[in-house]
1. Sorting check: for A:466-475, A:138-147, which peptide has the highest mean count of neighbouring beta carbons within 10 Å, and how do the rest follow?
2. Roughly speaking, what is the centre-to-centre gap between the range A:143-158 and the range A:290-331 when only Cα atoms are used, to the nearest Å?
3. Quick query: amide H of A:LEU255 versus all other amide H atoms, modeled in the peptide plane; which residues come in under 5 Å with a sequence gap of 5 or more or a different chain?
4. What residue among A:VAL469, A:TRP524, A:ASN366 has its Cα farthest toward the positive end of the dipole of the protein assembly as shown, where the charges are +1 on Lys, Arg and -1 on Asp, Glu, each on the Cβ?
5. Add -39500 (n - 2.57) for each DSSP H run of 4 or more in the protein assembly as shown, then divide by its residues: what number comes out at 222 nm, to the nearest 500 deg cm²/dmol?
6. Over 25 Å between Cα atoms, which of A:LYS254/A:LYS407; A:LYS249/B:LYS5; A:LYS249/A:LYS407; A:LYS17/A:LYS249 qualify?
7. Checking the a/c ratio against 1.5 first, then a/b against b/c, what shape does the Cα gyration tensor give for the range A:278-334?
8. Compute the long axis of helix A:565-576 from its Cα atoms, compare it with the longest principal axis of the Cα atoms of chain A, and write down the angle in degrees, 0 to 90, nearest 10.
Amino acid sequence: MRNAYVDQFPAEAKVIKAAFWSSFLALAIGGSLGLLQALHRTDVLRIMEAPDYYTVLTAHGVLLAITFTIFFLVGIFTWGVTTSLDRGLVDLRFTWGWYAMMVVGTVLVGVSILGGVVDAIPMNADVLFTFYAPLQPHPAFYVGLVLFVVGTWLAGADWFRTWLAWRSDNPDERIPLPTFMALTTTLFWYLCTLGVALSILLLLLPWSLGIVDSVNPLLTRTLFWYFGHAVVYFWLMPAYMLWYVMLPKLSGGKLFSDPLARVVFVLFLLLSTPTGIHHQYLDPGIAEGYKFIAMTNTMFLLLPSLLTAFTVVASMEHGARQRGGTGYLGWLKALPWRDPVFTGMALAGLMFAAAGFSGMINAGMNINYLVHNTWWIVGHFHLTVGTAVALTFMAAAYWFIPQVTGKELWNRSLGLVQVLVWFVGMTFMSNAMHRSGLFGVPRRTAEPQYENFAFEPAAGSMGEINAQVALGATLLTVSLALFLLNMVMTSLGGSSDEIPDNTYAETLSGPEDAPVVLDNLKLWTAIATVLVIFAYTLPLASIIDAGGLFGPGIDGFQLAIEAGPAFVLESVREVIA
Amino acid sequence: MRISKGALLVVIAVLIPFIVEFRTALSWFGIEISVLESLVLGAVVVLAIVIWAVWPPNGDAEAEPTGSS
């Protein structure tokens with residue numbers, strides 16, 4: 001008899017399916033816009049005006065970095081909590097409520113961004129993913145973001161309620177690993193989103209509504225990065241969870257160590273938030289000492305990532321040896337490389353290792369100056385969120401969509417081709433972006449081709465770099481189309497009895513080997529809060545002291561520009577004045 | 001085959017970053033190769049790997065690939 005997730009939790013499966021499809025829609029739109037940008041920047045194909053590039057860039061960033069990732073991860077965590085606790089969510093109306101809130105938030109943000117290119121929509125939000133003041137969007141953009149984030153808070157509350165209900169029935173049991181992972185991630189999400197919520201509700205939204213005249217850009221930037229680095233781990237933790245609980249099983253073995261996995265998630269709870277200032281090494285107005293503290297905290301974050309690399313690879317090796325693999329490296333041949341779920345996740349992990357190395361360079365105070373605001377950074381986060389997270393999620397979808405629909409995957413071989421094409425496409429694109437950053441090619445620029453100036457690569461030419469980016473972006477779009485085709489065709493298929501059971505990896509060293517203190521969520525939250533207070537109190541006080549809570553008369557600036565001669569003349573006049 | 005078809009595809013995919021960056025690495029030693037030369041080199045390496053992969057281990061043409069994938 002079939003024992004898929006949809007058979008165990010049919011009502012929850014519907015919510016997860018809705019969240020996944022919301023995520024795929026954002027991926028389809030945001031990903032396609034990425035191709036437009038890449039072709040425009042590299043001057044291969046220009047079908048939009050330069051000012052529209054920034055609208056497209058904003059949509060690409062928000063739809064992929066926020067909407068795609070977070071809709072998918074709320075589905076994953078809902079699966080993890082219900083499966084590992086073996087009980088449904090407490091109140092499905094509440095669950096649909098937070099999902100609806102996230103959808104409404106996304107629509108508000110999406111429509112306000114779309115207003116940048118559609119004249120019929122009297123809105124504008126060309127503020128990029130970071131919405132730095134004094135760039136000012138329509139208030140609907142901020143309201144949408146707030147609704148979306150509050151939706152995720154309620155999702156977290158839903159998982160906590162379900163866990164508390166389970167705990168009252170099982171007072172002496174350890175928290176099952178997937179639930180532990182979802183809860184610790186939710187805790188640091190609460191901690192870090194507090195900063196951006198305060199920034200939007202108390203400063204930016206009143207400013208965009210005209211209630212206050214000005215903001216302090218350094219303060220709102222700092223509050224953004226208070227959230228902005230931790231959000232990276234909010235995307236990554238579900239990917240980590242899948243690497244811990246799915247990859248060992250797919251490899252044919254067991255998770256090497258449950259205690260080590262718990263330590264990793266506790267470390268992320270502690271260290272995700274007090275690191276954000278490493279995004280502001282070049283911001284004037286923050287003393288070097290605070291930046292040094294942020295760098296130190298960031299370097300500590302390498303520890304849980306290295307522990308994860310060890311644990312996951314050890315688990316895969318164990319699985320491979322169970323399948324008959326032998327030798328120092330010969331066991332690699334015994335892994336299930338034909339399975340797109342396994343191969344996609346394994347390649348995403350491999351790319352993440354490369355992202356870790358470029359991340360160390362970003363995190364180093366001195367060497368960061370070389371790559372700050374260059375295309376290197378874009379190359380870096382296309383390896384982290386664009387591959388470690390996105391490729392893991394797409395690979396996972398090949399397992400999850402059959403689980404929540406009861407329908408067999410339409411084409412497994414196409415799935416394998418898809419994950420490989422993504423890997424190859426990202427190799428070309430992110431590699432070229434990293435290299436171009438080293439010789440100063442800027443990011444966030446529509447047309448980085450300048451008169452009387454030529455970039456000088458250490459090897460090759462700028463033309464080759466551009467060709468690699470265009471080729472990579474094209475391959476990524478092809479891969480995205482193959483993924484969506486597989487998802488649509490799977491969903492159109494009939495119900496199947498061939499769906500694997502809804503299970504996750506067993507452990508070689510289980511929770512009984514983990515110190516009980518690891519499950520003390522109150523303790524870790526308290527320590528995380530103290531670390532945040534240490535890292536942020538003095539810098540924030542110093543920023544407010546220097547520039548005031550509402551800044552020194554900063555007017556909003558909307559990027560809805562018309563690139564005609566009159567605008568140029570007006571700009572020149574303003575500069576001269 | 002010495003390895004499964006899936007594993008062979010993965011090996012070729014993982015090889016691509018090395019082929020792309022091999023040219024950059026050589027330039028550090030003052031050896032400049034063109035894009036075309038780099039492509040030809042890559043094709044030769046891929047061909048060698050494919051031949052190695054499909055060559056029957058120990059001359060046994062009926063041998064099963066290692067592992068169950």
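Read-outs: derived from the displayed coordinates by stated rules, not from any lab. No experiment lies behind these values; they were computed from the predicted model shown. Cβ placement follows ideal geometry from the backbone for every residue including glycine, while neighbour counts extend to all protein chains displayed.
1. The most tightly packed comes first, giving A:138-147, A:466-475.
2. That distance is 32 Å.
3. So A:LEU255 has HN proximity to A:GLU506, A:THR507, A:LEU508.
4. Highest projection toward the positive end goes to A:TRP524.
5. -22000 deg cm²/dmol
6. From the list (A:LYS254/A:LYS407; A:LYS249/B:LYS5; A:LYS249/A:LYS407; A:LYS17/A:LYS249), the Cα-Cα distance tops 25 Å for A:LYS254/A:LYS407.
7. Prolate.
8. That helix lies at roughly 80 degrees to the long axis.
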